[in-house]
There are 2 protein chains.
Amino acid sequence: MNEPAKSLEIALDELNELLGDRLSISDAVRDHHSHDESWHPARPPDAVCFVNSAEEVSRTIAICSRHRIPVIAFGTGTGLEGGTVAHKGGICIDTSKMNAILQVNAEDMDCTVQAGVTRKQLDNYLHDSGLFFPIDPGADASLGGMAATRASGTNAVRYGTMRENVLSLKAVMADGSIVTTGHRARKSAAGYDLTHLFIGSEGTLGIIVELTLRLHGKPEAISSARVYFDDVDGAVNTAIQTIQFGIPIARVELLDAAQMKAINQYSGTSYPEKVALFLEFHGSHASVKEQAEIVGEICTDLGGSDFEWTAYEEERREMWDARHSAAYAAMAVKPSAKTYATDVCVPISRLADCIRETRDDVERSADITSFLLGHIGDGNFHYVFLIDPDDPAEYELVQQLSERMVQRAIRMGGTCTGEHGIGLGKRKFLQLEFGEEAVALMRTIKSAMDPHDILNPGKLLPAEQARP
Amino acid sequence: MNEPAKSLEIALDELNELLGDRLSISDAVRDHHSHDESWHPARPPDAVCFVNSAEEVSRTIAICSRHRIPVIAFGTGTGLEGGTVAHKGGICIDTSKMNAILQVNAEDMDCTVQAGVTRKQLDNYLHDSGLFFPIDPGADASLGGMAATRASGTNAVRYGTMRENVLSLKAVMADGSIVTTGHRARKSAAGYDLTHLFIGSEGTLGIIVELTLRLHGKPEAISSARVYFDDVDGAVNTAIQTIQFGIPIARVELLDAAQMKAINQYSGTSYPEKVALFLEFHGSHASVKEQAEIVGEICTDLGGSDFEWTAYEEERREMWDARHSAAYAAMAVKPSAKTYATDVCVPISRLADCIRETRDDVERSADITSFLLGHIGDGNFHYVFLIDPDDPAEYELVQQLSERMVQRAIRMGGTCTGEHGIGLGKRKFLQLEFGEEAVALMRTIKSAMDPHDILNPGKLLPAEQARP
C-alpha cells in the first residue's frame, strides 16, 4: 500500500471511532456526494461523514489535517459549478444533519442556524413570525452552502445577497480550530472582516458550521406586475429608470421570447412570446400601489405593452406562475437534454449591450436551444442551454459561448459569476477578472490559512502554472 | 548612527528623490500628522509624504519595505481612536492631494474616487446629479479613511455603512504591489472578498488608494420628525417597532436630556430637556407622509410627547438644527475641556438595557460632564465625556467607564466599536469580543500580508503576550 492510501486507511479508522455508522464508504452514498447539479464530471469522495455538530466537524478536520487528506463540505449538492465534486478524492463532510434553528430574535430581526438548515426549512419556521429571509436561489440549498458560494436570487435588488445578510458565522479552520467571526450587532468597526472572508470562499478557507442571519420584516403589502417588450433594451431601461427613480423594487426578472414560448408549451398558456418583465413591489398598501403605477408609466414610456399589476395574492401568484415554471418549462422542451447554466453580472448600464452581444453570438454559433433569464436589477443574467449529453461537440460549443460571455462581461466592468460561484468551472477567469496581484493575494491568504491545501483543494483558485 | 537610524536616512534620501519637496520633515508638518481628534497621546512620524498617485504610494511603500520602516496612511486626521498616530515612528503617507473624482456613472449609480476625496467634496460634486453618498461620520473625513475604519453615521440604519457601500477598491500592499479587489458589478460570487478585507483594516493590511462607491438616488421627498420621551426605553422601543413595522426609516437619532439642555444653553432655544428622538424618512411625497404618520402613532403609544413632523425643507432644517449643533453645544458647556468619545453597538433589543446600565454607572462614578447620543436604529451609541486635560484622574476614571461600557456591550452580544474603529484605544478588547481563535486568524492574515510588520504597526491587533 502506498503512503497516501495508508494515511487514508488510518484516517478512516480514526473517523470511524469518532462517528461510528455516520461514516460511510458505501458506493451509493459516495456517488450521491460525487456531483452537484452542473455539467461538471462527477468524482466521488473516499468517504462521507454525517456530522452532528461544530465539534464533530472540528475533530473530523483535525484528523484529516494530520493525515493530509482533502476535506470537502457538502450541503444539498445543488451547486452549479462543481464546487462539491471530490476533485482530488478525500473526505466529504455532509452537514445535512446539522439542521437546527438555534435562535430567532424577533426584536433584532436576526436568527442563528446550523449550516445544514435549508432556506425553505427556515422559511417555514419563520412563517408566522412576521419575518423572512430573502435570499432565494432556485434550489432549496443549505444556508451554509449559500454563504460559501455567496448566493443570491430574485430578491437581491432590494435585499442584497448572502454578502449583505450574514451578520456573523462560525467556521472550522484547516487545523480544526473553531473561529467565530462576529456577533449580533448590526454594525461594527472592530477588527478584520472575517465574516466576509468566509462568504464566497467555497469551503477553501474553512468550513462554515453556523450562521447568524439578518431577517427582514414581511412587507405589509406586495404588488406584482408583468409587462412585455419587443426587445431587451426597453426592459433593461425600465429597470434602470425604476431604480434611479428611487422605487425600492423588490424583484425585476427578465425572460426572453424563447423562454415565454417554452412556458406556453409547458403550461398551455398563451402569453405573448416577447421579452417579458416580472416585477414585485414591497411596502405599505398605499406604497405598493404607488410603486406599481409609477413603474407602469415608465414601462409605457419605454415601449412596454400589456402592463398589468395587482396586489391580490391569488392574482399575484398566478401572474408569477410563469416565472416560477421557467426552469421546468425549459427542460420540457428537450427532456433528454442536460442543462448548462451560464452566469455573468455587469453594471446595469452595460446589461442591454451584454445581452445583445451574447444573443448575437449564440444565434451565430449554432442552432442550440437556449433561454435567457435575468435578475436584471442587479445586472445579472443566465443563458441556459439544453445540450445533448452524448454530443461532446455541443458541450465544447457551449463552453466556448460561455467563455466568450464571461470575457465580454469582464470587459464591460462585470464579473464571471453573479451568483453561482467559481468552483471548478470559472477558475480560469479569476486572473482576467481581478488581475495577477489580486490572485496572488488570494493565494497568500489561502496558503496562510490552509498551508497543506486540504480544504476543498483544486477549487476557486486557478491552477498554478509550473515555474520555468 | 545605529542601524535603524541609518536605514531611515537612506530611505529619506530615496523618498526625496521620488517626491522632491512633497517629502517633508518639518516639525510643523510632522506635528500636524502626529495625532487625530482623540485623547490618544500624539507622536509625530519621521517624515510626511504628500503623494499624488497610486504609483507614488506603491513606490513609497516599496522603499519603506526595503528598509523596514513603518508606513502610516493619513487622510484628514479626524479619527477617534489614534489610528493615524505614528506610534512607532516611520513615514506618514498623506493622501490629501489624491483628491480626484475619477468617474461618476449615473446609470449604474456608482462613482470612482481617489482615497483623499472627502465626503463633503463628493457631496458637493454630486449636488445636481440626483445622486448622493449616504455615509456621514461627523467629520469631513476622507473616503479612504472612512473605508479603512469602516465608518458610518446617521444614515446607516437605511443605507448601511462603508461596509455596504464600497463596491471595489485599489490598495497598495506591503511590498508595493497594487491590488484591485473588484469591479463595478452590483454583486459577484467570484473569489475571496478582498474588498471587505481592506474595509476596516485601518491601514494594517494595505493602503487604500482608490474606491468605487455605491451611490443612491436622492429621495423624491424627505420628512423629518421630533419627539420627546421621559426615558430611554420609550425612545428605543419606538425605533424597534418602527423597523419591525417595515418603515424604511432613514435616520433615528437619540439625544439625552443633558444634551438637550446643552443645546438650549448654546442656541438660546427652549426645547424640552428630556430624551429626544430625531427622525427622518425618505421616499415619495405620499410615502414620507405615511411613514411620519405611522411613526407618530407608534410614538404616542409608547409615551412620546410633542411629536411633530414636517416635509417642508426649511422646517426640516430647523427641526434638525438641534441635532447638528449637539457636538458644539456639548463642548461649549466646558470650553477648556477635552472631549472623550466612547462608542459601542449592541443588538437593538439590548440597547435600552445597555444605555440604562451605562448611565447608572456614569452617575454612580463621578460628577463628570457627559452627554449621550445614539444612532439607535443600529444599536450604536456614544457617551461623550468632557474632561479636564490637566487632571489625569479624570482620564483614568473615564477610561474605566469606557472599559466597563465595552465589556457590557460585548456581554450583550455587541461590539467594542460601532463606527470609530480599534486604532490604539480598543486593541485590548479584540480578544474579548472575537475570542482567541479569531484573533489568532487575524494575526495569521496580518503576518501573511505584511510579514515585516511595516503597515501601521501596533494598531488594531492586540500586543502579543511574551511566551514563557
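The values are calculated or read from the model by the stated rules, or taken from the named source; none is laboratory data. Please read all numbers here as calculations on a predicted model, not as lab measurements. Heads up, the Cβs are rebuilt from the backbone with ideal geometry, glycines too, and the neighbour counts pull from every protein chain shown.
All of A:85, A:51, A:57, A:71 fail the test of being free of Cβ contacts under 8 Å to residues at least 60 places away in the same chain and of a type in the set (A, V, I, L, M, F, W, C), apart from A:51. Which of the residues spanning segment B:73-89 are among the β-branched types (Val, Ile, Thr) and crowded, with 24+ Cβ neighbours inside 10 Å? Once the filter is applied, which keeps residues that are among the β-branched types (Val, Ile, Thr) and crowded, with 24+ Cβ neighbours inside 10 Å, segment B:73-89 yields B:84, B:85. Here A:110, A:128 are screened, and the one residue that is out of contact with any Gly (no Cβ under 9 Å at 6 or more places or on another chain), touching a residue at least 24 places away in the same chain (Cβ under 8 Å), closer than 29 Å to residue B:158 by Cβ and of a type outside the set (Val, Ile, Thr) is A:110. Scanning segment A:235-253 for residues that are outside any loop (DSSP other than H, G, I, E, B) and either without any contact (Cβ under 8 Å) to a residue 12 or more places away in the chain or closer than 13 Å to residue A:348 by Cα (or both) gives A:235, A:236, A:237, A:238, A:239, A:240, A:241, A:242, A:243, A:244, A:252.
Taking strands (runs of 3 or more DSSP E) as the structural unit, those lying wholly within segment A:1-115 and holding at least 2 residues that are polar (S, T, N, Q) correspond to A:101-105, A:110-114. The single condition from (1) modelled with pLDDT of 95 or more; (2) over 16 Å from residue B:208 (Cα atoms); (3) not hydrophobic (A, V, I, L, M, F, W, C) that residue B:58 fails is (2). Of all residues in segment B:193-219, those satisfying the criterion of being at the interface with another protein chain (Cβ under 7 Å from one of its Cβ atoms), in contact with a strand residue (DSSP E or B) (Cβ under 7 Å, 6 or more places away or on another chain) and either crowded, with 22+ Cβ neighbours inside 10 Å or acidic (Asp, Glu) (or both) are B:194, B:199. Within segment A:381-392, residues that are in contact (Cβ under 8 Å) with a residue 12 or more places away in the chain and not assigned by TED's automatic domain parsing to the domain that holds residue A:415 reach no partner that is buried (at least 21 other Cβ atoms within 10 Å of the Cβ) and of a type in the set (A, V, I, L, M) with beta carbons closer than 7 Å at six or more positions or on different chains.
Against the list (1) surrounded by 20 or more Cβ atoms within 10 Å (Cβ to Cβ); (2) within 14 Å of chain A (Cβ to nearest Cβ), the condition residue B:105 fails is (1). Filtering segment A:90-102 down to residues that are of a type in the set (Gly, Ala, Ser) and surrounded by fewer than 20 Cβ atoms within 10 Å (Cβ to Cβ), which residue is nearest to the other protein chains (Cβ to nearest Cβ)? Within segment A:90-102, the match that is nearest to the other protein chains (Cβ to nearest Cβ) is A:100.
To keep it simple, each residue is scored yes or no on (1) within 30 Å of residue A:219 (Cβ to Cβ); (2) charged (D, E, K, R); (3) in the same structural domain as residue B:378 (by TED's automatic domain parsing).
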site: B:291; (1), (2), (3): yes, no, no
site: B:297; (1), (2), (3): yes, yes, no
site: B:301; (1), (2), (3): yes, yes, no
site: B:310; (1), (2), (3): yes, no, no
site: B:313; (1), (2), (3): yes, yes, no
site: B:338; (1), (2), (3): no, yes, yes
site: B:357; (1), (2), (3): no, yes, yes
site: B:360; (1), (2), (3): no, yes, yes
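Could you go through segment A:452-466 and let me know if any residue there is farther than 24 Å from residue A:43 by Cβ and not assigned by TED's automatic domain parsing to the domain that holds residue A:179. No. Among the residues in segment A:206-220, are any touching a residue at least 12 places away in the same chain (Cβ under 8 Å), acidic (Asp, Glu), closer than 25 Å to residue B:161 by Cβ and out of contact with any His (no Cβ under 9 Å at 6 or more places or on another chain)? Within segment A:206-220, one or more residues are touching a residue at least 12 places away in the same chain (Cβ under 8 Å), acidic (Asp, Glu), closer than 25 Å to residue B:161 by Cβ and out of contact with any His (no Cβ under 9 Å at 6 or more places or on another chain). Among the residues of this structure, residue A:218 does not count as one that is of a type in the set (Lys, Arg) and over 26 Å from residue B:349 (Cα atoms). Considering the conditions (1) within 23 Å of residue B:328 (Cα to Cα); (2) within 14 Å of another protein chain (Cβ to nearest Cβ), residue B:412 is excluded by exactly one of them, (1). Within segment A:147-192, the set of residues being hydrophobic (A, V, I, L, M, F, W, C) and either without any contact (Cβ under 8 Å) to a residue 60 or more places away in the chain or surrounded by fewer than 24 Cβ atoms within 10 Å (Cβ to Cβ) (or both) comprises A:162, A:166, A:167, A:169, A:171, A:173, A:174, A:178, A:179, A:185, A:189, A:190.
Annotation note: Cβ proximity below 6 Å between a residue of segment B:291-303 that is surrounded by 20 or more Cβ atoms within 10 Å (Cβ to Cβ) and a residue that is assigned to a loop (DSSP other than H, G, I, E, B) (sequence gap 6+ or interchain) occurs for B:291/B:247. Only residues that are more than 23 Å from residue B:103 (Cα to Cα) and at the interface with chain A (Cβ under 9 Å from one of its Cβ atoms) were counted in segment B:157-176, giving 2. Residues in segment B:434-457 that are of a type in the set (Val, Ile, Thr) and touching a Leu at 6+ places or on another chain (Cβ under 9 Å) were compared, and the one that is farthest from the other protein chains (Cβ to nearest Cβ) is B:439.
Of the residues screened, residue A:198 is one that is in contact with a Ser or Thr (Cβ under 8 Å, 6 or more places away or on another chain), closer than 30 Å to residue B:80 by Cα and of a type in the set (A, V, I, L, M, F, W, C). Taken as a whole, the structure leaves residue B:419 outside the set of residues that are free of Cβ contacts under 8 Å to residues at least 40 places away in the same chain and of a type in the set (D, E, K, R). Would you call residue A:37 modelled with pLDDT under 95 and acidic (Asp, Glu)? Here the answer is yes, as residue A:37 does meet what is asked. Against the list (1) at the interface with chain B (Cβ under 8 Å from one of its Cβ atoms); (2) surrounded by fewer than 18 Cβ atoms within 10 Å (Cβ to Cβ), the condition residue A:431 fails is (1). The number of residues in segment A:255-274 being β-branched (Val, Ile, Thr) and free of Cβ contacts under 8 Å to residues at least 60 places away in the same chain comes to 1.
Kindly check whether there is at least one residue in segment A:270-281 that is more than 18 Å from residue A:373 (Cβ to Cβ) and at pLDDT below 95. Yes, the conditions are met somewhere in segment A:270-281.
Within the bounds of segment A:269-282, is there any residue that is among the hydroxyl-bearing types (Ser, Thr, Tyr), farther than 16 Å from residue A:155 by Cα, at the interface with another protein chain (Cβ under 10 Å from one of its Cβ atoms) and not in a strand (DSSP E or B)? Checked against the condition, which is being among the hydroxyl-bearing types (Ser, Thr, Tyr), farther than 16 Å from residue A:155 by Cα, at the interface with another protein chain (Cβ under 10 Å from one of its Cβ atoms) and not in a strand (DSSP E or B), segment A:269-282 yields no hits at all.
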